[in-house]
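Participant: Quick one: the structure is below, and I'll ask about it shortly.
Taken together, the values in this text are just the output of simple stated rules run on the coordinates, not laboratory data. Given the structure is predicted, the values throughout are model-derived calculations rather than measurements. Every residue, glycine among them, receives a Cβ derived from its backbone with ideal geometry; neighbour counts consider all protein chains shown.
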């Protein structure tokens with residue numbers, strides 16, 4: 001019988017609840033991961049996934065454009081008038097974007113530009129799930145698969161005697177099935 005210990009990942013990437021969501025996104029992309037356990041003071045306090053990040057960002061208000069001193073679409077329209085049947089020149093579109101002439105690094109560095117980065121201003125703690133789904137390493141893979149299916153999740157933290165010893169994912173299970181180990 002194949003158990004969780006036989007297929008789980010033990011080389012874990014764990015993150016702090018204080019890590020910025022921007023840094024988390026970069027880490028997950030670099031490591032080709034869909035999520036990570038969140039650890040504070042040696043204790044697992046949550047798990048954060050790409051879905052958590054997307055849900056969190058979707059819940060945030062749009063980038064403000066109507067603050068004092070920030071040009072928004074409500075300001076006086078600098079675009080030339082276009083008669084019906086005429087084609088608008090490029091200025092029609094360029095003028096919609098106040099920093100259109102700026103170089104990309106300059107625009108990205110600006111907190112008020114189109115590349116304004118909301119993720120840098122928020123932490124893992126704000127987006128993570130505090131509800132932990134766990135399994136012991138001596139449990140059969142079938143139990144792990146059923147827990148993931150019942151909970152509609154893709155990873156389980158493997159805890160043995162309260163200590164994080166690994167993580168098992170749907171990819172680990174499908175790999176084991178494909179290799180004939182299950």
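Participant: Does region 1-47 come out rounded, prolate or oblate, given a ≥ b ≥ c as the square roots of the eigenvalues of its C-alpha gyration tensor, rounded meaning a/c under 1.5 and, failing that, prolate meaning a/b above b/c?
Facilitator: oblate
Participant: Based on other C-beta atoms within 10 Å, arrange 154, 163, 32, 122 from fewest to most. Before the final figure, lay out each step's value.
Facilitator: Working: 154 15, 163 10, 32 6, 122 18.
The fewest-first ordering by Cβ neighbours comes to 32, 163, 154, 122.
Participant: When the label point is put 7 Å from the Cα of residue 134 along its Cα-to-beta-carbon vector, which residues of region 146-169 have a backbone N closer than 12 Å?
Facilitator: Taking a point 7 Å out along Cα→Cβ of residue 134, the residues of region 146-169 whose backbone N falls under 12 Å are 157-166.
Participant: Neighbouring Cβ atoms within 10 Å as the yardstick, rank 121, 41, 179 fewest first.
Facilitator: 41, 179, 121
Participant: Given labels modelled 7 Å from the Cα in the Cβ direction, how far is it in nm from residue 179 to residue 149?
Facilitator: Label-label distance for residue 179 and residue 149, simple model: 2.2 nm.
Participant: Does region 118-182 classify as rounded, prolate or oblate by the C-alpha gyration tensor (a ≥ b ≥ c root eigenvalues; a/c under 1.5 gives rounded; else a/b over b/c gives prolate, otherwise oblate)? Show your work: numbers first, answer last.
Facilitator: Details: a/c = 2.42, a/b = 1.75, b/c = 1.38.
Since a/c reaches 1.5 and a/b is larger than b/c, the shape of region 118-182 is classed as prolate.
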